[in-house]
Structures are given as structure tokens and as C-alpha cells.
Amino acid sequence: MSTHMSKLIIVGASGRMGRALIENAEQMEEVTVVAAIDRPGSSWLGERIGGVQLTGDLSEHISQADVVIDFSAPESCVRAARIATQAGVRFVSGTTGLTAAQLEEVEECSKQAAVLHAANFSVGVNVLERLVELASAATGESFDLEIFEAHHRRKVDAPSGTALFLGEAAARGRDVSLDERAQWSRHGQVGAREPGEIGFQVLRGGDIVGEHTVFLCGDGERLELTHRATDRGIFARGALRAACWIATKRPGLYTMRDVLFSRS
Ligand code: NAD
């Protein structure tokens, strides 16, 4: 990790992730939070989270920052990406639910300053994603590949974005398209498993933070690659690690793979 002291602005600061980011950042020597931004009109404006007071205007503070970290909402993510990168400030975002056009706009901003957008900032999940691609390539289609995920009862989408991220890695490992190989559900007389399918299984219940297992089932052996999240702080810590890493990077679009596996 870089030893550079990075000045951070957190966008979406009163949210679950925003608060986790501020709390975790306050325990790190490598970063300092110089401003915390929330939605204009938010009842949190003027309140303090940790040592920082919440304000509603990113532009007013942008000149103080090395990196903006955004965990807010799609529209504010795009706006924050523009404001940060136009000022030459690096941008890290974990906001999900962006349309393809919004994502493209955020990616376009990387021409002006370094940008990293990731749907999952957990270090473990990003290591798992790489392992899945390797295992999928090495085993080939003689091993049946299935992805299981479990989340709390309040989760509204399925399979999880992380399961899809792992599915894409599995498909890439075999040089196939996930859209063509995905088997989203099985019920009734579905017939024997088609070779090369990538199956998804979903469990919902209780307060499970997030579990993902990729099964590779061969004849006479089975490989299971599992990640279990027990604390949402993993996303905040991963995003802070990414912010430290990107603080000295040139303009360009980066991923968590770059943070975890590149040597510079
Ligand atoms: P949340 O609803 O608790 O917080 C969102 C915050 O953004 C709120 O404080 C809200 O007031 C603020 N906000 C909304 N509009 C804003 C604006 N215009 N300007 C500034 N702030 C604004 O949600 P959360 O659980 O903290 O998650 C936030 C985002 O991060 C979601 O998209 C979620 O899916 C995503 N997320 C990503 C990861 C990951 O690893 N990539 C992990 C967890 C959550």
C-alpha cells in the first residue's frame, strides 16, 4: 500500500457505507477525510460523523482533495465523477445500479483523472474472482460449474451482482459468453444438465451479509471456492485501500484487479 497521505472527500457520507468509510478512515494513518458530502436538503447537513461535518456541495471542497470516494446513488455518482475529474481529482466509486449510459459517462471521466468503479470492494471477493477464472479455464467443460449465493431476506435482486461478477469470470476462463451459458433456474422436468452450462442457485434468509460458492464438479472430484462476508466494513476497507492505491495514479480506468495484483 502507498505511504502517501491521501486527502479524501466522501460522497454519500450519511449512508451506511459513507459512515463505515469515515469510521474506518479515522483509524488509518495513510488517509484523512477533508470533507463529507450528502444530498442537498438531507437532514444530516451540518451534523458531524466522527470528526467531520456534513455539507451539501462537493464543488466547494474539491480543491482540498486527492481522491473522492462515492457510495451514494447513480445520478450523484455521475455528477461527483464529473466534478472530481474536471478538477484533476481521482475518483473511486462503489455505487451500484448505474445504467450502461451512466457507467459509460463515469468511465469517460477517466480521461481527465484516474477512476475506479467496482460493484464489490471486498478484497476476498476480488481474489475469488481471479481464482474462479483460473479454475474455470484449467478444468474446462468436463467440470460442471455452478454458482451458489446466499443473502439476507431484504435483498430484492437475484442473483446478486457479485454472483454475476463471478459468472463473468467463469465464462471468461472458458472463452464463452455468460448470456449464452447461464442457467438461471431449474424447476420440474428440466432434463439432464447441458454440458457447459453455468448454473446459478439463490438462497434468501435471515441476516446473511453475503456468501458465494463456485462449485466445479468433475467425475470423482469436486472443487468448491467460497467467500463469506460477515461484516459490511470489508467494502469500506477495500474502497479505502483502492483510494490509497489510486492517489498517485495517472488518468485512466482502473479495477480492483489492478489494486490487488499490479506491482506498482
Ligand atoms: P444508503 O442509502 O445507506 O446511503 C446512500 C447515501 O447517499 C445517503 O446518505 C444519501 O443521502 C446519499 N445521497 C443520495 N443522493 C446524493 C447526492 N445527490 N449527493 C450526495 N449524497 C447523496 O446506501 P448504502 O448502503 O450506503 O449504499 C450506497 C451505494 O453503494 C449503493 O449503490 C449500494 O448498492 C452501493 N454499495 C456498494 C458496495 C461495493 O462494494 N461496491 C458495497 C455496499 C454498497
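FYI, it's all coordinate maths here, none of it is from the lab. Keep in mind the model is a prediction, meaning the values are calculated, not measured. Cβ placement follows ideal geometry from the backbone for every residue including glycine, while neighbour counts extend to all protein chains displayed.
Each helix, a run of at least 4 DSSP H residues, gives -39500 (n - 2.57); summed and divided by the residues of the chain, these come to -10000 deg cm²/dmol at 222 nm.
DSSP bridge analysis restricted to the chain gives an antiparallel fraction near 35%, rounded to the nearest 5.
Couplings 3J(HN,Hα) of segment 231-236, computed from phi: 8, 5, x, 4, 6, 5 Hz, in residue order, whole Hz [Karplus 6.51 cos²θ - 1.76 cosθ + 1.60, θ = phi - 60°; x for Gly and Pro]. Cα gyration tensor of segment 1-119, axes a ≥ b ≥ c as square roots of the eigenvalues: rounded (a/c below 1.5), prolate (a/b > b/c) or oblate? Oblate, because a/c is 1.5 or more while a/b does not exceed b/c.
A cut-off of 5 Å between modelled amide H atoms, ignoring neighbours fewer than 5 places along the same chain, links His117 with Ser93, Tyr254. The alpha carbons of the chain occupy a box of 61, 39, 34 Å along the principal axes, longest dimension given first. Taking the number of Cβ atoms within 10 Å of each Cβ as an exposure proxy, the fewest-first ranking of Leu98, Leu21 is Leu98, Leu21. Taking θ as phi - 60° and the Karplus parameters 6.51, -1.76 and 1.60, the scalar couplings of segment 182-196 work out to 5, 10, 7, 7, 9, 7, x, 7, 8, x, 5, 5, 6, x, x Hz in sequence order, x denoting glycine and proline. Net charge in the neighbourhood of Ser160 (other residues with Cβ under 12 Å of its Cβ; Lys, Arg +1, Asp, Glu -1) is -1. Amide H contacts of Phe200: Ile147, Gln183, each under 5 Å away and 5 or more positions distant or on a separate chain (H built 1.01 Å from N in the peptide plane; Pro and chain starts excluded). Evaluating kT/(6 pi eta Rh) at 25 °C and 0.890 mPa s, with the Kirkwood radius of segment 100-204 over Cα pairs in the Stokes-Einstein relation, gives 158 µm² s⁻¹.
Here the Karplus relation 6.51 cos²θ - 1.76 cosθ + 1.60, evaluated at θ = phi - 60°, turns the backbone of segment 222-230 into coupling constants of 9, 10, 10, 10, 10, 10, 10, 9, 10 Hz, with x for every Gly and Pro. Excluding same-chain neighbours fewer than eight residues apart, the lysines reachable from Lys7 by a Cα-Cα span under 21 Å are Lys249.
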